[in-house]
Amino acid sequence: MSEVDTMKHIQRYMKNINLIIGLLVIIGFLIIMIISFFYTPHDVNSMNIPQKLRSPSSDYLFGTDEFGRDIFSRIMKGTQTAFAVGLLTVFIGAIFGILIGGIAGYVGGWIDEIFMRMMDALMAFPGIILALMLVAVFGPGIVNTAIALGIIAIPAIARITRSGFVQHRDTEYVLAAKLIGVKPYSIMFRHILPNISSQIIVATTVTFATAMLAEAALSYLGLGVQPPNPSWGRMLKDSQAYLVGAPWYTYAPGGAITVLVLGLYMLSNALRDFIDPRSKA
Amino acid sequence: MMYIIRRFILLITTILLVSVITFGVFQILPGDPVRTMLGTEADPTQIENLRSELGLNRPLYEQYTDWMKGLLTGELGNSIRFSMPVKDLLFDRLPVTMSLAGLALVIVLLISLPLGMFAARRQNKFSDMSLSTVTQVGMAIPSFWLGMILILYVGLQFSFFKISGYIPWTQSVAGALSTLVLPALTIAIPQIAVNFRYVRTSILEQVQLDYVRTIRSKGMSEQNVMYKHVLKNSMIPILTVFGLIMAEVVAGTIIVEQVFSLPGVGQLLITAISNRDFPLVQGIVMYITVAVVMINFMVDILYSVLDPRIRLR
């Protein structure tokens with residue numbers, strides 16, 4: 001076998017690795033989240049000052065924080081926050097993104113122009129700046145954070161949906177549907193949307209990942225999820241004061257965010273390769 | 001010329017819409033903004049004073065046009081928390097943020113360009129693949145955590161680095177660097193990861209083109225093919241990414257300034273939000289966004305000069 005063949009094999013293998021690792025990571029975190037609803041090794045919020053800032057041990061897997069709370073249990077509970085914000089963000093971004101992009105792409109004309117210029121304007125803000133401004137108005141909290149991040153996610157999904165609709169609106173199957181009198185909304189959402197759903201799904205996996213990073217950032221700044229809800233970003237903020245004495249405190253939440261986001265990136269890369277084989281080159 | 005005019009009209013529309021959003025968002029505040037700012041125990045005369053001071057008792061469109069006029073002349077009203085003009089507060093903090101963003105940008109370019117070229121020339125070899133994996137991790141790490149790790153493993157190990165605070169360039173160049181290098185690196189690393197991928201892909205796309213085959217078949221050395229032709233042409237698409245990276249770097253300063261306690265615009269913005277100082281928030285958001293939009297506009301114009309084909313689209 002020549003070197004090129006070997007490399008091709010490795011490449012194909014890598015693609016699968018992306019998919020496998022990505023899925024494993026996400027399923028792993030999902031399982032942890034489900035377990036955390038029923039069971040955590042220690043109570044998430046009960047303070048135990050004599051046990052504060054203990055290094056990792058068999059009793060406290062990831063050590064304890066400055067109030068003697070078990071970091072491992074709080075990481076487990078934190079998956080709920082991460083997934084809640086991520087899912088809600090994707091939900092808001094996808095619903096409005098698909099509606100706006102779909103109408104703009106299907107109807108075209110000045111409606112298209114107005115909608116897409118609005119999207120351009122939203123995209124002109126650096127993401128975190130818009131998030132901070134929206135949080136300043138809405139106030140902190142899980143739902144408000146997700147609304148702010150959802151609004152930021154709209155333009156990207158709208159653009160992808162629009163270009164899909166523009167590509168499909170003049171095709172024969174759409175024309176045929178029109179001729180037999182299918183209603184416009186039905187053509188848009190029952191006929192065209194399923195055909196472009198794969199691109200939208202890839203976009204939402206990326207949205208999910210960036211939403212988790214953004215939530216962590218907002219919570220780190222003290223403007224996102226508020227205590228006592230455990231948030232990984234918030235834990236990182238609290239851990240910074242004990243960086244020298246208790247470095248394990250910062251590893252657990254930081255590592256959790258990185259691994260989960262990495263898993264989502266890998267999954268979205270693998271999905272993109274499945275859907276758009278041209279990008280393989 | 002038509003292209004530049006079209007882009008210019010788009011620029012104005014974008015800035016107008018951005019201003020409408022920035023202004024409008026604060027109108028949907030639940031309840032009375034003045035009461036929210038002053039707290040529940042404020043007395044009625046105090047509330048009335050602030051309301052007329054902020055011009056909140058006038059019609060909305062008048063408030064907006066006034067605010068826009070202020071924007072054009074650089075006067076954005078007074079901060080509530082600091083009782084100072086927003087402009088002065090912003091200009092006080094700007095040098096810190098500009099130095100940080102500038103240094104971060106230099107680091108991004110200095111590292112991602114050679115790295116991307118290297119990976120492209122060794123496409124699908126082990127070093128290329130491992131770089132691609134490492135950069136994926138680089139994109140997934142939250143920047144503020146990266147900053148904390150750099151503090152722990154670099155900042156605290158070498159006495160040269162200061163892990164909080166800022167020393168102006170005018171006072172001491174080494175001092176400024178000691179406070180800025182780590183935060184700049186923190187902002188740069190995720191962007192290096194992103195830009196590395198663009199550089200690599202852009203070069204690989206060029207190498208496939210017919211002209212490369214032609215010059216190769218004419219017997220040009222691989223060195224010359226790379227440096228005289230491929231590199232020059234592959235830098236043009238990267239220019240558009242440059243605008244994107246600028247925006248990310250500016251956004252990155254907001255968070256990283258918090259990690260390293262740098263007294264920049266980001267810290268001012270967070271203070272403003274925590275104190276519900278809305279004129280200050282509006283002013284900062286507007287200025288940062290307009291700056292980013294302008295940079296992208298200039299990048300587009302430059303792009304059309306370097307690659308005239310773009311003007312036809």
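Structure values in brief
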| item | result |
| --- | --- |
| Gain on full stretching of the segment that runs from A:GLN226 to A:ILE20 - 0.36 nm per residue minus C-alpha separation | 70.7 nm |
| Rounded Å value of the spacing that divides the Cα centres of the stretch B:246-273 and the stretch A:81-108 | 29 Å |
| Bins of 5 Å from zero: percent of alpha-carbon pairs in the stretch A:56-200 | 2, 9, 14, 15, 13, 11, 10, 7, 6, 4, 3, 2, 1, 1, 0 |
| Shape box of the stretch A:85-147 [Cα atoms, principal axes, largest first, Å] | 39, 22, 15 |
| Sorted peptide list for A:171-180, B:142-151, criterion being average Cβ within 10 angstrom, highest first | B:142-151, A:171-180 |
| Among A:104-110, B:264-270, the order from most to least packed when residues are scored by Cβ within 10 Å on average | B:264-270, A:104-110 |
| Axial C-alpha extent at least 27 Å, average Kyte-Doolittle at least 1.0 - helices from chain A (DSSP) | A:3-38, A:71-107, A:142-168, A:193-220 |
| Cα pair distances exceeding 23 angstrom across the stretch B:134-224, given as percent | 50 percent |
| Chain A - convex hull of alpha carbons, volume per residue in Å³ | 177 Å³ |
| Helix-only [θ]222 nm of chain A, DSSP H runs n ≥ 4, -39500 (n - 2.57) each, per residue, nearest 500 | -25000 deg cm²/dmol |
| Entries in B:LYS125/B:LYS232; A:LYS237/B:LYS162; A:LYS52/A:LYS237; A:LYS77/B:LYS162; A:LYS8/B:LYS232; A:LYS8/B:LYS228 that, when Cα-Cα distance is taken, lie over 27 Å | A:LYS77/B:LYS162; A:LYS8/B:LYS232; A:LYS8/B:LYS228 |
| Prolate/oblate/rounded call for the stretch A:128-224, Cα gyration tensor, a/c under 1.5 rounded | prolate |
| C-alpha center-to-center spacing [the stretch B:107-150, the stretch A:168-201] in angstrom | 41 Å |
| Shielding by partners, peptide B:265-277 (average Cβ within 10 angstrom, other chains) | 3 |
| Simple Cβ-charge dipole of the stretch A:111-224, Lys/Arg +1 and Asp/Glu -1, about Cα centre, in debye nearest 20 | 260 debye |
| Test item: A:131-143 mean partner chain Cβ contacts at 10 Å | 5 |
| Chain B, dipole about Cα centre (Lys/Arg Cβ +1, Asp/Glu Cβ -1), debye to the nearest 20 | 1600 debye |
| Cβ-based charge dipole, the stretch B:180-271, positive-most Cα from B:PHE260, B:VAL181, B:ILE238 | B:ILE238 |
| Relative contact order of the stretch A:1-153, defined on C-alpha pairs under 8 angstrom at six or more residues apart (%) | 18 percent |
| Signed unit charges on C-beta, dipole axis of the protein assembly as shown, positive-most listed residue A:ILE151, B:LEU100, B:GLN223 | B:GLN223 |
| Estimated dipole of the protein assembly as shown in Debye, rounded to 20 [Cβ of Lys and Arg +1, of Asp and Glu -1, Cα centre] | 1760 debye |
| Hydrodynamic radius by Kirkwood, which averages 1/r over all alpha carbon pairs of the stretch B:82-233, in angstrom | 18.1 Å |
| Separation of the B:SER159 and A:LYS183 label points, Cα + 7 Å toward Cβ, nm | 7.8 nm |
| Convex hull of Cα atoms in the stretch A:183-226, direction-averaged projection (nm²) | 4.3 nm² |
| Per-residue mean of C-beta atoms belonging to partner chains within 10 Å, peptide B:290-300 | 1 |
| 27 Å tail of the calculated P(r), chain B, as % of Cα pairs | 56 percent |
| Trypsin sites (Lys or Arg not before Pro) within the stretch B:160-230: DSSP coil, no more than 11 neighbouring Cβ in 10 Å | B:LYS218 |
| Normalised per residue, the volume of the convex hull around the Cα set of the stretch B:262-303 (Å³) | 59 Å³ |
| Rounded Å value of the spacing that divides the Cα centres of the stretch B:156-221 and the stretch B:58-99 | 34 Å |
| Peptide ranges A:111-119, B:279-287, B:113-121 listed from the most packed, as the mean C-beta count within 10 angstrom indicates | B:279-287, B:113-121, A:111-119 |
| FRET efficiency estimate (nearest 0.05) - Cβ-Cβ, A:ILE49 to B:ASP88, R0 60 angstrom | 0.85 |
| Shape of the protein assembly as shown, Cα gyration tensor, a/c cut at 1.5 | rounded |
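Read-outs throughout are calculated quantities, based only on the coordinates presented, and are distinct from any laboratory measurement. Everything numeric here is computed off the predicted structure, so don't read it as measured data. We place every Cβ from the backbone using ideal geometry, glycine too, and count neighbours over all the protein chains shown.
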